[in-house]
Amino acid sequence: TTQCLKNLKAVLEAAGSSLQRALKVNIYLTDMKDFSAVNEIYAQYVEPPYPARACVQVAGLPLGVRIEIEATARK
């Protein structure tokens, strides 16, 4: 989760935006048991008011990772 958010932060900032300008965040987990841990780390990177968010469990992710995060943000 930490690495995903660091990567997402870097991509958004390179595009002239930021995590604080996110409008919608989608989180994909291979195990919903990780949800609480994800929330704790997410709160360290994204400040209130939080963007709309969806979190879903998926059967698998590329390269065997356990989490993927995507965001739509305004510039």
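What follows draws every value from the coordinates through simple rules; no lab data is involved. Keep in mind the model is a prediction, meaning the values are calculated, not measured. Ideal geometry is used to build each Cβ from the backbone, glycine not excepted, and the neighbour counts take in all protein chains shown.
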query = For Asn39 and Ala52 in one chain, what is 0.36 nm times their gap in residues minus the Cα-Cα distance, to one decimal in nm?
reply = 3.3 nm
task = Place +1 on the Cβ of every Lys and Arg and -1 on the Cβ of every Asp and Glu in the chain, take the dipole about the Cα centre, and give the residue among Pro51, Ile27, Ala15 whose Cα lies farthest towards its positive end.
result = Ala15
key: Amide hydrogen neighbours beyond the local backbone of Arg53, cut-off 5 Å, H modeled   = Val25
message = When only alpha-carbon atoms are used, what values of Rg and Dmax, in angstrom, describe the chain?
response = 12.0, 34
remark   = Residue-ordered couplings for region 14-24, obtained by feeding phi - 60° into the Karplus form 6.51 cos²θ - 1.76 cosθ + 1.60 and rounding to whole Hz (Gly and Pro as x), are 5, 8, x, 10, 6, 4, 6, 9, 5, 9, 8
query = Taking only DSSP H segments of four or more residues, each worth -39500 (n - 2.57), what value at 222 nm results for the chain once the sum is divided by all its residues, to the nearest 500 deg cm²/dmol?
reply = -10000 deg cm²/dmol
query = Using Cα pairs under 8 angstrom and six or more residues apart, how large is the relative contact order of the chain, in percent?
reply = 50
